[in-house]
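Participant: One structure follows; several queries about it will come next.
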Amino acid sequence: MRSFPAVALFVFVLHAQTRGLTIENAVVRTFDEGPIAASDYRFRAGDTVYFSFQISGYRTESVEYAVNKVHLSWTIAVQDGKGVPLEKSTEGTIDTTVTPEDRNWKPIERRNIMLPPIVPQGRFHIVLEVRDELAKTSQKADIPFLLAGYSAPPNTPLGARNFRFYRTSEEKDPLEVAAYTPGDTLWARFEIVGYQLGEGNRYSVEYGLKVLKADGSVALEQPNAAQADGTPFYPQRMVPGVLSLNIPRDLAKSNYTILVTVTDQLSGRSAEARQSFSVE
């Protein structure tokens, strides 16, 4: 029997043990098998971050002639800049066998990270740890990526901000001039911020609204327009608000003010916000 396979196996094992465990090509992409995301690219709420990495320098252990086993494991955690996890960490293993012909084989792992529908802006991190269970060694890598989301620090006052008027519910660009005609439907969006977070990141807010005439009297009123609560895994410090009003055909043409009253159910606090529009 020729000795070549045994020599090749020896060289393979020595090469793997000499290099040491290494994480390679740890990158994020904007879509599966797409180009690597640029360093200034900003993912958005609801996007998928396509993450992949390779492993080299792992140790092998002989199980039979010219066959060696590989036993690797990994953990992925996604965190914000302060180390707060965006989601539960995930784990995986690579438990397989290799032959001398596989001496250049580098396992590749892929993980699709689904971003929450509401996320804050900032720099987030994929913290990767790979462990060689045979060599009892480990390596870590930190892969940053940017998110384009809302901005609401913990000390933000309670209120409704960033109020925008729209002609329809589907429009993305707000009206430059908030002017409507009798019979129109008024659409508006805003952000509720500054509410208290309870156990398990629980939040509970509600809002009502009034339409005030120029003299301050009430033209229309919805005291309980909407309510929102939840217990997201990652602390959510902004709740999107939306409202619509059917402007009566007999409503006098004039200037009006929408008064939105936001109530934080957990703290019992309330705050008001005013925004003007006209009926022409």
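The values are calculated or read from the model by the stated rules, or taken from the named source; none is laboratory data. Please read all numbers here as calculations on a predicted model, not as lab measurements. Cβ placement follows ideal geometry from the backbone for every residue including glycine, while neighbour counts extend to all protein chains displayed.
Participant: Looking at the range 158-182, which of the residues that are of a type outside the set (A, V, I, L, M, F, W, C), surrounded by 15 or more Cβ atoms within 10 Å (Cβ to Cβ) and in contact (Cβ under 8 Å) with a residue 60 or more places away in the chain is farthest from residue 276 (Cα to Cα)?
Facilitator: Ranking the candidates gives 159 first.
Participant: Moving on to the next point. For residue 190, all conditions in the list (1) in contact with a Pro (Cβ under 9 Å, 6 or more places away or on another chain); (2) surrounded by fewer than 18 Cβ atoms within 10 Å (Cβ to Cβ) hold save one; what is the number of the exception?
Facilitator: Failed condition: (2).
Participant: Next question. Condition first: surrounded by fewer than 15 Cβ atoms within 10 Å (Cβ to Cβ) and under 20 Å from residue 21 (Cα atoms). Now tell me which residues in the range 55-66 satisfy that.
Facilitator: Answer for the range 55-66, where residues must be surrounded by fewer than 15 Cβ atoms within 10 Å (Cβ to Cβ) and under 20 Å from residue 21 (Cα atoms): 61, 62.
Participant: Turning to a different aspect of this structure: For the range 253-280, enumerate the residues that are among the aliphatic types (A, V, I, L, M) and in contact with a Gly (Cβ under 8 Å, 6 or more places away or on another chain).
Facilitator: 260, 262, 266, 271, 273, listed by residue number.
Participant: Further question on the same structure: So residue 223 ticks every box in (1) surrounded by 13 or more Cβ atoms within 10 Å (Cβ to Cβ); (2) outside any loop (DSSP other than H, G, I, E, B) but one. Which box is left unticked?
Facilitator: (1)
Participant: Return the total of residues in the range 203-220 being more than 29 Å from residue 237 (Cβ to Cβ) and among the charged types (D, E, K, R).
Facilitator: Going through the range 203-220 one residue at a time, the tally reaches 2.
Participant: Moving on to the next point. Among the residues of the range 79-98, is any in contact (Cβ under 8 Å) with a residue 60 or more places away in the chain, surrounded by fewer than 18 Cβ atoms within 10 Å (Cβ to Cβ) and of a type in the set (S, T, N, Q)?
Facilitator: Looking for residues that are in contact (Cβ under 8 Å) with a residue 60 or more places away in the chain, surrounded by fewer than 18 Cβ atoms within 10 Å (Cβ to Cβ) and of a type in the set (S, T, N, Q), one finds none in the range 79-98, hence no.
Participant: Something else now. Which is in the same structural domain as residue 129 (by TED's automatic domain parsing), closer than 20 Å to residue 93 by Cα, assigned to a strand (DSSP E or B) and not aromatic (Phe, Trp, Tyr), of 49, 70?
Facilitator: 70
Participant: Would you call residue 155 out of contact with any strand residue (DSSP E or B) (no Cβ under 9 Å at 6 or more places or on another chain) and at pLDDT below 95?
Facilitator: So residue 155 fits the description; yes.
Participant: Give the residues of the range 216-231 that are modelled with pLDDT of 95 or more and either touching a helix residue (DSSP H, G or I) at 6+ places or on another chain (Cβ under 6 Å) or charged (D, E, K, R) (or both), sorted by residue number.
Facilitator: 229, 231
Participant: Can you list the strands (runs of 3 or more DSSP E) lying wholly within the range 108-217 that have 3 or more residues being in contact with a Ser or Thr (Cβ under 8 Å, 6 or more places away or on another chain) and outside the structural domain of residue 71 (by TED's automatic domain parsing)?
Facilitator: 185-193, 203-212
Participant: Also, I was wondering about something else. (1) in contact with a strand residue (DSSP E or B) (Cβ under 7 Å, 6 or more places away or on another chain); (2) surrounded by fewer than 17 Cβ atoms within 10 Å (Cβ to Cβ); (3) more than 17 Å from residue 141 (Cβ to Cβ); (4) not small (Gly, Ala, Ser): which one isn't true of residue 71, the others all being true?
Facilitator: Only one criterion in (1) in contact with a strand residue (DSSP E or B) (Cβ under 7 Å, 6 or more places away or on another chain); (2) surrounded by fewer than 17 Cβ atoms within 10 Å (Cβ to Cβ); (3) more than 17 Å from residue 141 (Cβ to Cβ); (4) not small (Gly, Ala, Ser) is unmet by residue 71, namely (2).
Participant: Any residue in the range 43-58 that is free of Cβ contacts under 8 Å to residues at least 24 places away in the same chain and out of contact with any strand residue (DSSP E or B) (no Cβ under 7 Å at 6 or more places or on another chain)? Before you say what the answer is, go through the steps one by one.
Facilitator: Filtering the range 43-58 for residues free of Cβ contacts under 8 Å to residues at least 24 places away in the same chain gives none.
No.
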